[in-house]
Every structure is written in C-alpha cells, then in structure tokens.
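S.K.: Below is a structure I'd like to ask you about.
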Amino acid sequence: MPHQEHLPETGGHVPHARDPRSTFAWLAVVLALWLCLPETARADACRPAISSISAARANESPDTPPATGWEAVALPDIWSTRWPGHDGTVWYRVEWTHCPGQPVALFLEYLSMAGAGRLNDDPLWADASLVEPLTRSWNLPRYSLLPPSALRAGINTLWIRVAGYDLYSSGLGGVHIGPPDEVRPRYEREWLLRRVLPQANLIISITLGCFFLMVWLLRRNEQAYGWYALTSLAWLLFGLNSAVTSPWPFATTHGWSTWITLVFTIYCSAFSMFAWRFGGQRFPRLEKALWTVTGAVCAALLALGPAQPKAVFYLVAVGYAAVFVGTCVQFQFRAARTRQPEHLFLAACMLGFLVAAIHDILAFLRIIDDVHGYTAATAPLIMIGMALVLAWSFTSTLGRVERFNRELADHVEEARRELAHTLGRQHELEVANARLSERLRISHDLHDGLGSSLVRSIVMAEKGDATLPPQHYVSVLKSLRDDLRQVLDHSFAAVAATAASPADWIAPLRRRFGDLFDDQGVRCVWRVAPEWPAEPDTARLLALARFLEEALTNVIKHSRANTVAVTLADAGNGALELSVEDDGAGFDVELADRSMAGIGLRSMRARIARIGGRLAVESGMGGTRLRAHLPAAAP
C-alpha cells in the first residue's frame, strides 16, 4: 500500500486541526497537564499583588482619608522630599489584588512617627497616641494576618495613617503583602535588626558601663576606664532612641529629640577622650576646645527648644559624627605608630565602627538609599571587642604589677639575706674583738692590780713576823677579793654589752656563784629563756646583773637555804622577768623595809625602778622570792 493511503487512517486516530473533535482533545490535554502541576505552581497563577501606592496630606479631619490631593509614591517614602515643611498627618493608600481562598499576611517595615491602619473599612491597628506626645513607632516592624472577613475578591485597599514631622524624615517604609510563609521570614529578619539588636545593645552598654565605672572608681589613675564608662552609658541613653515607643518623660517629640541630640554630643566627646587616653595621648587645647563647644551646643539646643531650625539639627548631628569619624581615623595612625597589641586590636574595632558610621551618615544625608543602619547591627560586637581590649589591657597591667611585686619581693629577700649575713658576720667580728679586748684588759688589770697586790702580800709575808695575827691575813685576802671583784665587774659589763642570748649573759654569774653554792652544799637551779624577748640594752642588763648579784649574795649570807632557783623568762609583749627563789628561813618584808637592815632591799628596788621595772618581794617561813619585772623598752 502506498504511503498516502495510510493518511486517512492515521487521521482517524490523531485529531486534525480541521476536525471539531480536535478542540476538545487539546483542552483535555491542557487540563491533565494543569492537574499534574504541584500545588505551589498552581497557586503562583494567582498571587496578591500591589497595583498602586499613593499618598495625600490630611485635611482638617485627620481621622479620615482626604478625597483629593493623592499622588503616586514609591516606598520607602519620606514626605519631606515632596512636601517640604509639612508637619502633621499623611494618608497612604495601597491597592492590591486578592485571590480568594488564600491566607494573606501584611508586613510593614516601619512608619515614622505614629500611625494607624485599616483594611477596606475594617481597622487593623492603631498606635497609642497619634497626637503629641506621639507614639514612637519609627523603628517598630508590624506583622499581622489579614482577617478573611475584611478581605474582598479582587481589589482591596489598605489605608495607613502616619503622623510625624518634616524635621525627623517622617514617612512610610516598605509594605509587603503575600502568603504568610513568605512574609513571616522577612518580618522576623526585620524584627531582629530593629528590635532585638538595639535591645541587646542596651544590655551590653549598661553592663560594660557599670563594670568599667566600678573599675575606674577603684583605680582613679586609669582615666581610660572612666571615659569608656561614660562612653558606654552615653551610648546606652542614645540607644534608647531605637528601643522606646514613648517620648516619656518629655511631653513632645521635640523634647525627646533635643535630649537625644545632647546625649549624642556627649557620647562623641567622651569617645574621643577615651581613645586619646587609651592611646596614651593628651591634647590639652583640643580637649578644652571640644568640651567648650559641646557645652555651648548643649546650651544652644536647650535654648532653641522646638524652634530649632532643621539646619541646626543637621549641623550638630553631622558635626559630631565627623568628630567620631576623625577620632577613629586618628587612632589608626596612633596604633600604627605604637605597634602595641592592645592598640592594634582597638584600632581594628574602631575600623568597624568607622565603616558603619560612614554608611549611616551617608544614609542620614540621603546620599545613599538604605533604611537599615549598620551601627545597630555592628555596635554590640564592636562594644564587646572594645571591652575585651580594655580587659586585656587591665589584666596585662595587673600581670606586670604582680611580676614587679614578685621580683621586688625576691630582691628584697635577697637583700635581707645579704644584710643579715653581713650584720651577723659583723656582729661575730665585734663579739670576737670585744672578747679579745676584754681578755687583754683583764690580763692587764690582773697584772697591774691583783698581781701587784699578790706580790706585795708575798713580800710582806716573807719578811714579816711568823706570828702575825690572823686578822692581818684576812685583811690581805679581803683586799685581794675587792681587787678581783673590780676586775670581774668590768669584765661582766663588757660581756653584757655583747651578750647574744640570755645564756651568754648569765654565764659569768652562774660560774661565780655556782662554785660558791657547791662549796656550801646548796643546790642551785638555773632556768634561762633561749633568746631575748626584745633587743636588750647594756644599761638594763648591767642593772639586772647587779640585782642578781645582790640577791644571790643575800641567799649565801642570810637565808640558810638548801635550794635556790634562778629563773630568767619571757613575760610576753617583749617583757622580761628575773626571779630568785630559795627555801631558806625568810624574813619580815615590812619590818625590813622600815629598818636599817633593809638598805640592800631598798637599793634593789631603786635599781630596778631606774630601768623602768618593778620588784616584788615575797618572804615567809618557807623561803623568799624576789621577782623583777622589766617591760619592753620604749622605741
């Protein structure tokens, strides 16, 4: 069969354009393909779409939209570019097409200052105050699901009322209408930028400001910490402008704006002072001029009040922003010159501030079209970085102080050891020299005094009569005894002057009287402290030695004791106590004080009193106890 013969048969199975059946077949194919598309693709065929946006100044009745005067606008809109000098209310009309059966969400980026909204004839929201004091909604994103009862098929109208001032760039931000799953993420991102970050900035500022204020109060010489505390607290007050929704405690928006401008001037000035002090710089004339101008500007703003011209507001804002930028730039050169790590780190933080500040200044002057300020997003991180720099500097300073203190303590300890060794060596040499000198003096005294007396006595005995009476020899022996005592007294004075311990001091007396007590069969007990409670002086030691000699002599002469105890002890607080106790016959203390026989006792009392001490005497049938208490010598 020829090829052409198959064409009619084929045409029976595939519709031809001239065949009436072909129209229904193609419709069926299109319907099948449409049913096979995903649900989201079918939904895209009908989406809420804004068709027009217009604005008009309110008439005598700001509560209702005006009937005339509408002009097409593009969002975000600042009405001062179109109606310079207008203060009051502006209505915005947003017309959009609704697809029935779909949920619709509304997201407003911001409006300045206060506002209200309604959908067709149904109210959606309204700020607390649409007249002074105006609600501050300029940094407050809004999100809501539009109520289905208020929606109409086809064209819907969103009415937005905005109350504000030409001076503060009032107007309306972006408006987004669409499915909730698309609009909600945009709102959350805007909420993070406009509400969460400013509030976090406030928390960080007050925390850092209070912390470094306490550090400065404890260390007034660290001026950088004080200026940083003032900078943080000023930034805290300035940051309230982005967080609060009411001008309280001021009655008007102008009052609040003046206050914020004053705080901004103080913040920029304090920031400059902090940077200069942290960098180790002082500019007396520049600093004086800066604070003089700041004081004059603050006074002028307070004097002008709401009447301040727009040019003054912009001049102050831009002027002090230039001070801030200039400080950041100058510190870059300072850090490059010093090359100190903390300066370099702070310079990096300031570089971030510098970029954000320049961007926000250009946006403020409307040189660039961007409604999002970089400062709000970067300030928390940069403030934390600056605080870390200060903490690093503070801990580094403390580390250097601690190392210096350790080195100083080591040097002092080493010097103390060397000095102690030198003084000890010098003392040993002095003691050895004193002992050698004393030996030479004793040998000279024995040779010149006692030696000559002995030779004279020997010659007299050899040439004298063998029948000399005993009293003659007793007299000679007493003379020799007196000479020997004089030599020993001089020797003891020298020993007392160089006695390093109580044992060294009492040794000569112990040696002299120990032999006497042994010869008489008297048991003698010596209790001596291991060291002096305080550094003694020669006069006191010599007086105590005389007291001890007299007391022990009285024991030998009068007590008829079997045991005598000598105690030299530490009485506390640098005091010294010397006591002599025996188990002899005793005597009447009061009678001895009144009679001639008590001359020795009164002499001992006077001797102890002259060196600032006191003598206690206790005596009875069981024995006698003499206790001399000598307090520490006055410095």
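S.K.: List, in order, the whole-Hz ³J(HN,Hα) value for each residue of segment 388-403 obtained from phi through the Karplus relation with A = 6.51, B = -1.76, C = 1.60 and θ = phi - 60°; use x for Gly and Pro.
M.R.: Each residue of segment 388-403 in turn: 5, 4, 5, 5, 4, 4, 5, 5, 5, 4, 4, x, 5, 5, 5, 5 Hz.
S.K.: Next question, about the same structure. Return the long-range amide H neighbours of G115 (sequence gap of 5 or more, or a different chain), with a cut-off of under 5 Å between placed amide H atoms.
M.R.: When sequence neighbours closer than 5 places are left aside, the close amide H contacts are D127, A163.
S.K.: Additional query: Evaluate the distance, in nm, between pseudo-label points positioned 7 Å from the Cα of W526 and of L315 along their respective Cα→Cβ axes.
M.R.: 10.1
S.K.: Using the Karplus equation 6.51 cos²θ - 1.76 cosθ + 1.60 (θ = phi - 60°), what ³J(HN,Hα) coupling, rounded to whole Hz, does each residue of segment 85-97 give in order, writing x for Gly and Pro?
M.R.: Each residue of segment 85-97 in turn: x, 7, 10, x, 10, 10, 9, 10, 10, 10, 9, 8, 9 Hz.
S.K.: Starting from the Cα-Cα distance between R546 and Q199, subtract it from 0.36 nm times their residue separation and give me the gain in nm to one decimal.
M.R.: 116.2 nm
S.K.: What nm distance separates the two modelled labels at E535 and N405, each placed 7 Å from Cα along Cα→Cβ?
M.R.: So the label points at E535 and N405 sit 2.9 nm apart.
S.K.: Within 14 Å, Cβ to Cβ, of L346, how many net charges do the neighbouring residues add up to if Lys/Arg are +1 and Asp/Glu are -1?
M.R.: Residues near L346 contribute +3 overall.
S.K.: Which ³J(HN,Hα) values, rounded to whole Hz and listed in residue order, are derived for segment 566-577 from phi using the Karplus coefficients 6.51, -1.76 and 1.60 in 6.51 cos²θ - 1.76 cosθ + 1.60 with θ = phi - 60°, glycine and proline given as x?
M.R.: Each residue of segment 566-577 in turn: 10, 10, 10, 10, 7, 9, x, 6, x, 7, 10, 10 Hz.
S.K.: Follow-up question, since we're still on this one. For A322 and A571, calculate 0.36 nm times their separation in residues minus their Cα-Cα distance, and state this gained length in nm to one decimal.
M.R.: Here the segment from A322 to A571 would lengthen by 81.9 nm.
S.K.: Between L140 and residues 5 or more places away or on another chain, which pairs have amide H atoms under 5 Å apart, with H built 1.01 Å from N, and which residues are they?
M.R.: Distant-sequence amide H within range of L140: L111.
S.K.: Could I ask something else about it? Which order do the peptides 148-155, 316-323, 106-113 come out in when sorted by mean C-beta neighbours inside 10 angstrom, highest first?
M.R.: Highest to lowest by the protection proxy: 106-113, 316-323, 148-155.
S.K.: How do 328-334, 137-143 rank on mean C-beta neighbours within 10 Å, highest first?
M.R.: 137-143, 328-334
S.K.: With a point put 7 Å past each Cα toward its Cβ, work out how far F333 is from T395 in nm, to one decimal.
M.R.: 3.3
S.K.: Here's another thing I want to ask about it. Alpha carbon centre of segment 53-83 versus segment 106-169: separation in Å?
M.R.: 14
S.K.: Once R0 is set to 51 Å, what does the formula 1/(1 + (r/R0)^6) return for the Cβ-Cβ distance between R425 and V589, expressed as a FRET efficiency to the nearest 0.05?
M.R.: After rounding, the FRET efficiency stands at 0.55.
S.K.: Going highest first, how would you order 166-178, 394-406, 513-525, 230-242 by mean Cβ packing within 10 Å?
M.R.: 230-242, 166-178, 513-525, 394-406
S.K.: While we're looking at this one, here's another question. Answer rounded, prolate or oblate for segment 49-178, using the Cα gyration tensor with square roots of eigenvalues a ≥ b ≥ c: rounded when a/c is under 1.5, else prolate when a/b is larger than b/c, else oblate.
M.R.: It is prolate, given that a/c is not under 1.5 and a/b is the larger ratio.
S.K.: Once you order the gyration tensor axes a ≥ b ≥ c over the Cα atoms, which shape class does segment 499-635 get: rounded for a/c under 1.5, otherwise prolate or oblate by comparing a/b with b/c?
M.R.: Oblate, since a/c reaches 1.5 and b/c is not below a/b.
S.K.: On to the next question. What is the calculated FRET efficiency for D181 to A153, with r their C-beta to C-beta distance and R₀ = 30 Å, to the nearest 0.05?
M.R.: After rounding to 0.05, the efficiency reads 0.85.
S.K.: Calculate, in nm to one decimal, what S129 and S54 gain on full extension: separation in residues at 0.36 nm each, minus their alpha carbon distance.
M.R.: 24.6 nm is the gain from fully extending S129 to S54.
S.K.: Take every Cα pair under 8 Å in segment 499-635 that's 6+ residues apart, average their separations, divide by the length, and report that relative contact order as a whole percent.
M.R.: Result for segment 499-635 is 23 percent.
None of the figures in this text is laboratory data; all of them are computed from the coordinates on show. Predicted model, so just to flag it, every value in this text is computed and none were measured. Note that we place each Cβ from the backbone using ideal geometry, even for glycine, and neighbour counts take in every protein chain shown.
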